[in-house]
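Data block below; observations after.
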Amino acid sequence: MTSTTARTASILSILLLACVTAVAESATIRGRVVSGETGAPIPFVNVGVPRAGVGTVAGEDGAFTLERVQPGATVVFSAVRHETLSVVAERLPEDGKIELTPLGLGFREEVSVKAKPPGDPDVFGRRYEGRGYGMGFGSALLGAEIGARIEIDGRTYVESAHFAIAHTGGERFLYRVNLYEFSGKTVGEKLLREDVILEAAQQRGTLTVDLRELGLVVEDDVLLSLEWIRGDRELGNENVMFRAKPRTKSNVYLKMTSQMPFTPIERHGLGFFLKGHPLD
């Protein structure tokens, strides 16, 4: 064996040993997320280790299982209308009970516009119809999201959200509808003040979510996304595809799992859109 080959083999052995050690030291964390005020379970909490590709979504009963957590990792818990909690893995409660503090109703300015304005609503985003090319989540982990940047020009009352389905592989959907601030190429804070859960039979076509009761007014571009929060009989989400077009101006952003950043996908357009009424 030459000296170069020996050095290469030595380096590979060290890297392999490091990987094996990391896997061996990783832990699976189980627990339940509850309200620190009432003790009631909080459903569909985002749980994960930022930038580590380790994440999940708690169930309707607040229970979660988080795998592959490395020693010293910070686990983040976040839910709508609750303070975000960050805890080093070794300092998590031994009984597994994670308490989140509710936020007051006035933690952000609310705009109340619930009456339907006159006239037909405008369409914001890309309205793709028919069958053909589709795009999926790109990740099988709970908390994965697929979203489209929606261009907004001026104050707009948002009436509904729409998602074009190209292909399905199970019986039912259970997703969370999210709407984020969007500036430049940066995805910002969530805009919805409560969880909007979409549950429907899996079928091709356009799913519509009525948002009128939220009284939501936006002024700038937003990211409209669907978040996978529960599996369908262990089929996962790999067979669910959303209507898209390749080789076009990109508006697509994907998130691998909870507490991870969004990643832009180049040269693809996604058939998500909003309907609403300009107010200016």
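Taken together, the values in this text are just the output of simple stated rules run on the coordinates, not laboratory data. The structure presented is a predicted model; accordingly, all values stated were derived computationally and were not measured. Here Cβ is always computed from backbone atoms with ideal geometry, including for glycine, and neighbour counts include all displayed protein chains.
Worth a mention:
- Mean separation of Cα contacts under 8 Å, 6 or more apart, over the residue count of segment 26-100: relative contact order %: 35
- Of all DSSP beta bridges confined to the chain, the antiparallel ones make up roughly 95%.
- When the charge dipole of segment 26-100 is built from unit charges on Cβ atoms (+1 for Lys and Arg, -1 for Asp and Glu) and taken about the Cα centre, the candidate among I42, A79, G55 whose Cα reaches farthest toward its positive end is G55.
- The tail of the calculated P(r) for the chain beyond 36 Å holds 23 percent of all Cα-Cα pairs.
- Rounded to 5, the percent of DSSP beta bridges in segment 26-100 classed as antiparallel: 80
- Based on DSSP H segments of at least four residues, each scored -39500 (n - 2.57), the chain has a per-residue ellipticity at 222 nm of -3000 deg cm²/dmol.
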